[in-house]
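The values are calculated or read from the model by the stated rules, or taken from the named source; none is laboratory data. What you are looking at is a predicted structure, and each value in this text was computed from that prediction instead of being measured. For neighbour counting, all protein chains shown are included, and Cβ atoms are generated from backbone atoms with ideal geometry for every residue, glycine included.
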């Protein structure tokens, strides 16, 4: 116990490690906030910088960036309606409407505090229940991963718009984009049209910057004549009564966040969307309707996505399986530094585990510090006239797309998806499900094939086994229920049939 | 009963394009490995594009039932694709082409000056100064702090950096 505490405090006592964690968190908040710059990108660039560093120093910096970045994505989601990271997609749904009403400061303050609450819940669960949760995750069958993917896409498809059909279309479109290139299992060409450059597929970050950066900037051009909305950011420290009121909900969604984050392959993005859905269902009488600036809709995903950080560490450290793209990059960093994340890490190198837990805790405290300060500086970007802001967003999108692979082709993909996204938005198609489809495509494809191969290509066997496993059954039922409850057609059809027979 | 929104101009055409695109992708997905096996490389793409075909059919049918668009082409050019949007799309595509040949610094500067002048309309001098300021900050953050490599083009950036570096030695 003392030994664990000793390791836990390593980064708290050393001024150097503490400063690096602070720097990382600070950078993370701003990197996460700048559209086009992702935490994944920052961490991957940093791997090459910190390659020769001492492992503790490198980890402090990167943990800070991770923690700060997951939080930072919420800022642009609230102020600009551009999620800085996929995990902030759900934050924009109610955060931006709040900002439009002049409550940006309150929104940022609340989301900061609840992010930190979520972060702590995640860390506590990581510290206490890591072995238990990892055992649970081990029981997941390929078909369960597949259904989790379906669930995630359906959730974002149904909740981000009012049109489930178009949401489903967008999700499927995203999944298809994700399959472009050489098949990872058989190296067969898919949708490459004989072009060798397409073998590696379309870069998801380019798609994301296009759909969220460029298409949003183009859509904003419609509102040029309207005076730029001054986002009043007067009150940042949230009201104590608000914190008390929403603490139970944020603890609930933090729990969702940890569990979803701990499932291999799912991270903050799905956690946040599920949390948003949860908040929508448990809040009977919101003061403000969801989608129009409900505080519940803001804090639920924010608490969940930061809780998912702690959760994502569980499979990463104990199983060596990444929870999402960022943890995948992180995993690479750990390998480079000669650590072997996996079932043996906890027994062979407990110091590493407790050091990471302590580090995450420290970074989470810094999120609170940097989250509640410096917002005035950040909000200057928003007060900047649209005529300057839009060219800047477009330029940053181009820089961001180029920076992924130093490839001009990625810029063209980014611009192409920007224009497609613009028209999709004009005709009520949601772009959120596309991104989720792209991110989850490979996971779903591989797990579908693993699942069906293990059933010897027999669809009836697949369903029999699916229904006989409690876990799969629960997942399957949730998919069916969500589909039915979210389809207005269903109720309408029922009503129509009813009227005709009468 | 939810209010039925009148169609936007071009919505039906877009619906048809989406359906045609989905059918094309479905055919392409089928070409990968046909219906040979449930675990074939083409199975997942067939499923995804199949969902696209079905979903786009449903939404097209729903669209056809909705009241027709008002105004036609004129409204399309004012509400869906106003000149300001198409001009910006053109500017950014030209920027993309220029980036490859002229390099980041020159093309980004021109892009910022032209687009800020076009959108902000507060005088050319102001646009140029604003663009220079913005580009300097972006260059420092991305090129120098994050070491993002940007297309060099016709300005011998590395030589200049090396020369500046040598001044401090």
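Hey, among B:24, B:35, B:16, which residue is more than 10 Å from chain A (Cβ to nearest Cβ), modelled with pLDDT of 90 or more and farther than 19 Å from residue A:164 by Cα? Only one candidate passes the filter, namely B:24. Being modelled with pLDDT under 85, part of a helix (DSSP H, G or I) and under 21 Å from residue A:239 (Cβ atoms) holds for only one residue in A:167, A:105, A:109, and it is A:105. Does residue B:119 satisfy the criteria of being within 21 Å of the chain's Cα centre (by Cα), within 7 Å of another protein chain (Cβ to nearest Cβ), buried (at least 19 other Cβ atoms within 10 Å of the Cβ) and not in a helix (DSSP H, G or I)? The answer is no for residue B:119.
Checking B:43, B:29 one by one, the residue that is within 10 Å of chain A (Cβ to nearest Cβ), surrounded by 15 or more Cβ atoms within 10 Å (Cβ to Cβ) and touching a helix residue (DSSP H, G or I) at 6+ places or on another chain (Cβ under 6 Å) is B:29 and no other.
Are any of the residues in the stretch A:414-431 at the interface with another protein chain (Cβ under 7 Å from one of its Cβ atoms), modelled with pLDDT of 80 or more and not in a helix (DSSP H, G or I)? For the stretch A:414-431, residues at the interface with another protein chain (Cβ under 7 Å from one of its Cβ atoms), modelled with pLDDT of 80 or more and not in a helix (DSSP H, G or I): present.
In this entry, residue A:440 passes the filter for residues that are touching a helix residue (DSSP H, G or I) at 6+ places or on another chain (Cβ under 8 Å), within 12 Å of chain B (Cβ to nearest Cβ) and modelled with pLDDT under 85. Do the conditions hold for residue A:37, that is, is it part of a helix (DSSP H, G or I) and either within 14 Å of another protein chain (Cβ to nearest Cβ) or at pLDDT below 85 (or both)? No, not satisfied. When A:463, A:423, A:473, A:417 are screened for being without any contact (Cβ under 8 Å) to a residue 40 or more places away in the chain and within 19 Å of residue A:82 (Cβ to Cβ), only A:423 passes.
The criterion of being surrounded by 16 or more Cβ atoms within 10 Å (Cβ to Cβ), closer than 26 Å to residue A:167 by Cα and more than 22 Å from the chain's Cα centre (by Cα) holds for residue A:426. Of the residues making up the stretch A:175-213, just one is at positive phi, within 11 Å of chain B (Cβ to nearest Cβ) and modelled with pLDDT under 80, namely A:187.
Conditions tested, residue by residue: (1) touching a helix residue (DSSP H, G or I) at 6+ places or on another chain (Cβ under 7 Å); (2) at the interface with chain A (Cβ under 8 Å from one of its Cβ atoms); (3) outside any helix (DSSP H, G or I).
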| residue | (1), (2), (3) |
| --- | --- |
| B:53 | yes, no, no |
| B:56 | yes, yes, no |
| B:61 | no, no, no |
| B:91 | yes, no, no |
| B:107 | yes, no, no |
| B:136 | no, no, no |
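Just to be sure before I move on: is residue A:450 within 23 Å of residue A:176 (Cα to Cα), surrounded by 15 or more Cβ atoms within 10 Å (Cβ to Cβ), at pLDDT below 80 and within 10 Å of another protein chain (Cβ to nearest Cβ) in the structure I sent? Against the criterion (within 23 Å of residue A:176 (Cα to Cα), surrounded by 15 or more Cβ atoms within 10 Å (Cβ to Cβ), at pLDDT below 80 and within 10 Å of another protein chain (Cβ to nearest Cβ)), residue A:450 does not qualify. Note on the stretch B:68-86: among residues that are part of a helix (DSSP H, G or I) and within 9 Å of chain A (Cβ to nearest Cβ), the one that is nearest to residue A:424 (Cα to Cα) is B:80.
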